[in-house]
Amino acid sequence: MSSELSAGAGRRTESALRLVWVYPDLLSTYGDRGNLLILAHRATARQIPVEPVEVRSDQRLPEQADIYLLGGGEDGAQALAAQRLNADGALHRAVDVGSVVFAVCAGYQLLGASFYAKDTQHAGLGLLDLRSDRGPTRAVGELAGSVDPRLGLPTLTGFENHGGRTHLGPAVYPLARVTAGVGNDGTSEGAYRGRVLGTYCHGPALARNPALADLLLRWATGADSLPPLDETWTDKLRRERLASVAG
């Protein structure tokens, strides 16, 4: 966890888990801010001190944080976010020293080498070996998939609403194999490499996938395991949503 913070971001004790919501003024659709709330709740419930930080696109991104969160956004906002994050460079430096990144939809696309916004190709951040372009139809509806066994997670569930298709390169792993919906291309969904992970799942994703939230927390804290929490309501939500696409 972070021992100090970059200039202009204040200071926090080294025991606090620092969660950075990246550009909420540009990347925050379909309840994606809920991912920040879920991580903060699940950490606090385990007596892990948390410092949630929201950094707008006209501010410098702190280089020293534990988890960076990027949400979905419209084309123009996505292109502007990529431009400013590339110019800033802080997210790249954070990844280089082991920070966790969790990105959804437009945020996921801009982690790759390139993406399309307003029918124009834009440079991504190059943090994952993937590229995104336009699909023949818009993918809207429930999304589910069997998660890569190496991650040790149950079935992924979420809601997708995107016009893009994402193509993975050899240096990245698919997060899941699609069982319902489209995801990247109708076959795979999301991608990860190291501690950088992206998905098309809204919902918010971490509300519908608490085990994924805990994976991010374990990556950030270095813990092999976390104390269990009461999952009565999250299990009910998951059963309902997975039943909607069963069969």
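Computed values, structure above
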item	result
Percentage relative contact order, the range 17-243, counting C-alpha pairs under 8 Å, at least six apart	20
Hz values of 3J(HN,Hα) by residue in the range 59-69 - Karplus curve (6.51, -1.76, 1.60), Gly and Pro given as x	10, 6, 7, x, 8, 10, 8, 8, 9, 10, 10
From the coordinates shown, Cα extents along the principal axes in Å corresponds to which of (1) 48, 44, 30; (2) 54, 36, 36; (3) 90, 36, 31	(1)
GluC sites (Glu not before Pro) within the range 147-247: DSSP coil, no more than 14 neighbouring Cβ in 10 Å	231
Dipole axis of the chain (+1 Lys, Arg; -1 Asp, Glu on Cβ), positive-most option in 120, 174, 95	174
Per DSSP, loop trypsin sites (Lys or Arg not before Pro) in the range 72-150 with at most 13 further Cβ within 10 Å	118
Gained length - residue 244 relative to residue 46, 0.36 nm times residue gap less alpha-carbon distance	68.1 nm
Extension gain from residue 87 to residue 146, taking 0.36 nm per residue of separation minus the Cα-Cα distance	17.6 nm
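Coordinate-derived values only; no laboratory data. All values derive from a computational prediction rather than experimental measurement. Reconstructed Cβ throughout: ideal geometry from the backbone, glycine too, with neighbour counts over all protein chains shown.
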